[in-house]
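FYI, it's all coordinate maths here, none of it is from the lab. Treat the numbers as computed from the prediction; the structure is a model and nothing was measured. Here Cβ is always computed from backbone atoms with ideal geometry, including for glycine, and neighbour counts include all displayed protein chains.
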């Protein structure tokens, strides 16, 4: 019944399952079909390889700078440096920026090669005031229900986040990477490109679950409990994207969630310093 409701909100046939009503009229005048499930998964994997490569290139200057000071040092020192770089805020910022640029490039490229306007394929469009209210109310409720407190906060979001913030070097770069760049590229990739192709082939619910799982597993820096929370957040974002027909709304929700996390990170870092 839920699947039927989601489809009735957005489409009339299998090729348009992920498209809002505004897309349906355009399909009737000759819009190209979505990428199929196989092609979507293959292109997503190819994109992931490109994104990872771009992230490596983005952090390469920092790695070379640190290793230049290790000439003649023991192998153990190299291992320590690599471990530090993995949790350093500057490295994280550069990887998000470089990976984000690559991700946006790839999803625009694949959308264009399919014959679509990339804005339409990635569902970058306006949304209703009702969708906005429901989306942010839902996010607020979710944050209240899952907000870690006391020792749980230290365990789940403290160590890695605080260390990253304290080693950011350029706080503005770090904050914009988390609040702007990461939400934009992750939503366009997972709730934009992947969702459209998979929802058209599998239906909205399987696509939402699969994309949410992939998105959660990308955050390997967190422990399993927080990855599970992110999976549930992804489910919420996926339904919001499906029902509103807009990834722009999920970008705003994602950015707001990260903004709350940044504030918590700064407050926690201050308490640790004191």
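Observations on the structure shown:
- Counting 0.36 nm for each residue step from residue 53 to residue 108 and taking away their Cα separation leaves a gain of 18.0 nm.
- Per-residue Cβ neighbour rank within 10 angstrom, fewest leading, 97, 224: 224, 97
- Relative contact order of the stretch 202-267, pairs being alpha-carbon contacts under 8 Å that are 6 or more residues apart, as %: 28
- Each residue in 116, 35 was given a count of other beta-carbon atoms within 10 angstrom of its own, and listing them fewest first yields 116, 35.
- Put in line by how crowded their Cβ is, counting other Cβ atoms within 10 Å and starting with the fewest, 40, 146 read 146, 40.
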